[in-house]
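Every read-out reported here was derived from the displayed coordinates using simple, explicitly stated rules and does not represent laboratory data. Nothing here was measured: the structure is a model prediction, and the numbers come from that model. Every residue, glycine among them, receives a Cβ derived from its backbone with ideal geometry; neighbour counts consider all protein chains shown.
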Amino acid sequence: MQQILLTAVVAVGALFLGLTVLIVVTKAWREGRDRWRAARRREMEPRILRWVHGDGTSLQVALGGVTRGERTVVESVLLDHVQRVRGMERDRLARALDELGCVERYRRGLQSGRWWTRAASAERLGMAGAVRAARDLATMLEDPVPEVRIRAAAALGAMGGEAAVRPLILALDEPSRWSTIRIADILTGMGQPVLEELVGVFPRMTVQGKLAAIDILGRVRSVEVVDWLRARLLNDHRDVRARACHALGAIGDADSAPAVAQMLRDPEWPVRAMSAKALGRLRYQGAIPGLALAVRDPEWWVRANAAEALRRMGEPGLAALETLLDDPDNFARHQAVLMLQEAGVVDQRIEALAGPDGPERRRAESMLAKLAATGQVGRLRELEVVHPDPAVRRALSLLRERAAEPAGVPS
Amino acid sequence: MSWIEIATRAVVWFNYFVLVYFLLLNTLYLGLFVVSLVEIVRFLRRTFFSDDRQIMQSDMTWPISILVPAHNEEKTIAETVRSLLMVNYGEFEVIVVNDGSGDGTLARLVEVFELRRIDRPYKRSLPTREVRGVYGSLVHPNLRVIDKVKGGKSDALNAGINLSRYPLFCSIDADSIIEENALLRVVKPFMERPQETVAVGGIVRIVNGCEVRDGKVVRVELPDRPLAVFQVIEYLRAFLTGRVGWSVLRSLLIISGAFGVYRKQDVIEVGGYSIATDTEDLELVVRLHEHMRRQRRRYRVVFVPDPVCWTEIPNSVRVLARQRNRWHRGLVQTLWRHRSMMLNPRYGGIGLFAFPYFVCFEMLGPFVETLGYLVVLLSFFLGVLDLQFLLLFVAAAGLYGIFLSVAAVLLEEMSFRRYPGWVDLTKLLVFAVLENLGYRQMLALFKVRAFLDVVRRRRAWGRMDRSGFGEPLPASADR
């Protein structure tokens, strides 16, 4: 038994020492390497940038030759800058990457057995704008690993490769919301060219793909798709109708507002909620009566979005919210109070109590009396105590008493 | 047979038991370390490609409510909220719940963020103590503060859930700071598998010793006090080798209350946070497991080692004792409350593996350890102490403990490298050794006492002395 324990002690001790040495050596090596690279970079980067802005043909000649160790440094400088510049400078940086053999290395990397090497190679080919690798990248769209497919598609997208558009659109159907977000981002970045393809493929997509497609159309903000989106307001699926409302709101096309306002009467609450939200973005004042009705909706999200939309409409919307203060619907009254408070209207009216007697003050008293009657008097109570003007404190106290607020009503 | 013979035989049998226990426990720890090592390498490869910007900008990213329960957090609350308002995320709201603070927590919030009372209607999905008022800010429209009667952290979190608008919520301690991109990273598992993910935890690191400016950790350094450095090592081991491993095995029983994200609907379905235990975070996760398994739903509870939450830890033995007492009480209460899961095949790996592990090693481990020390004394008095065996056993146990701590340092060095200096690394390695010479034994005693407190039905949260992020702690403050 003791022999076993002794062996265990020696083994664990050796492991401990081994680990400690490993940690120290790895850290020393990594820090030494990073320091050397940083020093070389400080020295080489200005020369590389001088070459980029000049008219010399070869970067290697301009640098007086590049050793194997320096190649990594030069490559990282080129990759950093190639993402930030456009036009001639970008072309020269891309050409330099090619001259250093990086593009060929990346192309070989696409054949690697390690998925992360394939993904990194695809990404760098995109950065380098290596058009001659477009076919290799297109084949990577069939890679079994989603990360590689997405990097390859992003690279093709960055090159403006139309070959990537359709596979990317089809990939919107993947169940991972994370993949969808990234693909949608790539497609959005490609802009106008993807719209036609997106609209064409739409009927064959899954519901999730359709929703992502509509979001992309909203983010691209092209008025060309407005009519098509309006037609989606009649789609059978409630989420499609809801996202179409959202996209029309994002595009901001004022002509679509009446159609979106119609959706406030949709039987499905997510559609009504999105319609209200979109109308707030469109600031369509014709929808104010409809939104005022929607503040009484049985569903919380519809009420909240409709009240928020009214608040975003400015004066006319705030006036509509004031009329809701004595609405028979309890929920509508509460939403109206909240929005008027958040818009600063309640505080404005309270300040008006300190002013001279006149229409402004009477309007304030009338509105605050209605507000006190809703029972939502947290702010009134607070100012009744802390307001610097004793006249205002008295007026607020009087208003609350008149409203005969029952004691202990929770706010 | 005389009583001396009986005692001698018992001591011998106990020695065998301890040996088997030791072997089993350390084999499990080693297994967890290997699993964690593999997972961290995989994680680093996956996150080599950063896509934080895309998550932030997308309309498809779920909006999130950040809940901050606060009780007497006057010193740190403003910095915490400021850091939260600066996080990189698309659509989010911050809800601070002032849980009956006796200090100036609410006044500080009102002053710094220009709060005013608002009358916000909300649905009471979960029962809570009385809410005195809701405050909003015209300057920060996504900030809300709930002022309520004291009901404990669970009650405060439940009030926050009631007021929250969004489908995900993140619970954060008021003495904690999350990194700018932490939220984007912690919601990633929800984006990857939206139907299955119910809860995700991030890594909690120690802010003591670091420099905090404007709600951000701007310089990372190890604390000066030995007690705090021991806790750094402990946290590294617990998060990098423990939680990563349990997460891979789909048996993660705890998501730290300091930083975790949950799907609101699921939490409401199980009744929210429980006020019946002292560690609401552990109990909630166990209850979620229980509920999901009973419903036969496909689900996952995940730990992500990258999104970082910085938190303040106890600087004195007194406060540490209180904190660990509460943690261990909570563990015992939770395991007892859900005892039907123990060795129950209905709960899969949780019932057959994780639960027995927590009962046998986490809950009872400190007892076995303390009993071991007593048995050594007893053996000595009985004259049956095999000194050579004892020394070898202590050496093996100590070295193994050191090995596991150094392994956690290795994981840190090969992955996130938050402590970049050589001085910090040397300190970590030295304290990984020293930790086994007193600190570990002290924790075992705290836990034994906590167990006895549960038996005696003693409950207290335990005050945590805060020094605040901006101000250096006076040397004599909490000795």
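Rg (Å, one decimal) plus Dmax (Å, integer) for the alpha carbons of segment B:72-222?
For segment B:72-222, the Cα radius of gyration and maximum Cα-Cα distance read 15.7, 46 Å.
Helix B:365-382 versus the longest principal axis of chain B: what is the Cα-based angle in degrees, 0 to 90, to the nearest 10?
On a 0 to 90 degree scale, this one is about 20.
Could you give the dipole magnitude of segment B:1-155 about its Cα centre, charging the beta-carbon of Lys and Arg +1 and that of Asp and Glu -1, in debye to the nearest 20?
Charge dipole of segment B:1-155: 240 debye, to the nearest 20.
Nothing charged except the Cβ atoms of Lys and Arg (+1) and of Asp and Glu (-1): what's the magnitude of the dipole of the protein assembly as shown about its Cα centre? Round to the nearest 20 debye.
Here the protein assembly as shown has a charge dipole of around 1300 debye.
Need one number: % antiparallel among DSSP beta bridges in chain B, to the nearest 5.
45 percent
Take every residue in peptide B:127-133, count the Cβ atoms of other chains within 10 Å of its Cβ, and give the average of those counts.
2
Is chain B best put as rounded, prolate or oblate by its Cα gyration tensor, with a ≥ b ≥ c the root eigenvalues, rounded for a/c under 1.5, and otherwise prolate when a/b is larger than b/c, oblate when not?
In terms of gyration-tensor shape, prolate.
Non-local amide H neighbours of B:Asp306 (under 5 Å, H modeled in plane, Pro and chain starts lacking H): which ones?
B:Ile203
Taking Cα atoms, how many degrees apart are the long axis of helix B:153-163 and the longest axis of chain B, rounded to 10 and kept between 0 and 90?
For helix B:153-163, the angle is close to 30 degrees.
How many angstrom lie between the C-alpha centres of segment B:343-405 and segment B:31-71?
Their Cα centres are 35 Å away from one another.
Restricting to DSSP loop positions (anything but H, G, I, E, B) with no more than 10 other Cβ atoms inside 10 Å of their own Cβ, which GluC sites (Glu not before Pro) remain in segment A:107-158?
Here the GluC sites (Glu not before Pro) that fit, given the DSSP loop and packing criteria, are A:Glu142.
Say the dipole of chain B comes from +1 at the beta carbon of Lys and Arg and -1 at that of Asp and Glu; which of B:Thr76, B:Gly383, B:Ser251 then lies farthest toward its positive end?
Towards the positive end, the residue furthest out is B:Ser251.
How would you rank B:Cys170, B:Cys360, A:Cys102, going from fewest to most other Cβ atoms within 10 Å of each one's own Cβ?
Listing B:Cys170, B:Cys360, A:Cys102 from fewest to most nearby Cβ atoms yields B:Cys360, A:Cys102, B:Cys170.
Using Cβ contacts closer than 10 Å as the measure, can you line up B:Cys210, A:Cys245 from fewest to most?
Lowest to highest Cβ neighbour count: B:Cys210, A:Cys245.
Would you mind ranking B:Arg294, B:Arg457 so that the residue whose beta carbon has the fewest other beta carbons within 10 Å leads the list?
B:Arg457, B:Arg294
Considering only DSSP beta bridges whose two residues both sit in the protein assembly as shown, what percent are antiparallel, to the nearest 5?
Percent antiparallel among DSSP bridges in the protein assembly as shown is about 45.
What does the highest-first list of A:43-53, A:342-352 look like by mean Cβ count within 10 Å?
Top of the packing list down: A:342-352, A:43-53.
Taking the alpha-carbon centroid of each part, what is the distance from segment A:261-283 to segment B:162-221 in angstrom?
Answer, in whole Å: 33.
Gap in Å between the Cα centre of segment A:218-255 and the Cα centre of segment B:259-282?
38 Å
Taking 8 Å as the Cα distance limit and 6 or more residues as the minimum spacing, I'd like the relative contact order of chain B as a percentage.
18 percent
For chain A, which DSSP H helices look membrane-span-like by this rule: Cα extent along the axis of 30 Å or more and mean Kyte-Doolittle of at least 1.0?
none
Using the alpha carbon gyration tensor of the protein assembly as shown, what are the three equivalent-ellipsoid semi-axes (square root of 5 times each eigenvalue), largest first, in whole Å?
Here the semi-axes work out to 50, 42, 26 Å.
May I ask for the angle, rounded to the nearest 10°, between helix B:3-46 and the longest principal axis of chain B, with both axes built from Cα atoms and the value confined to 0 to 90°?
Rounded to the nearest ten degrees, it is 40.
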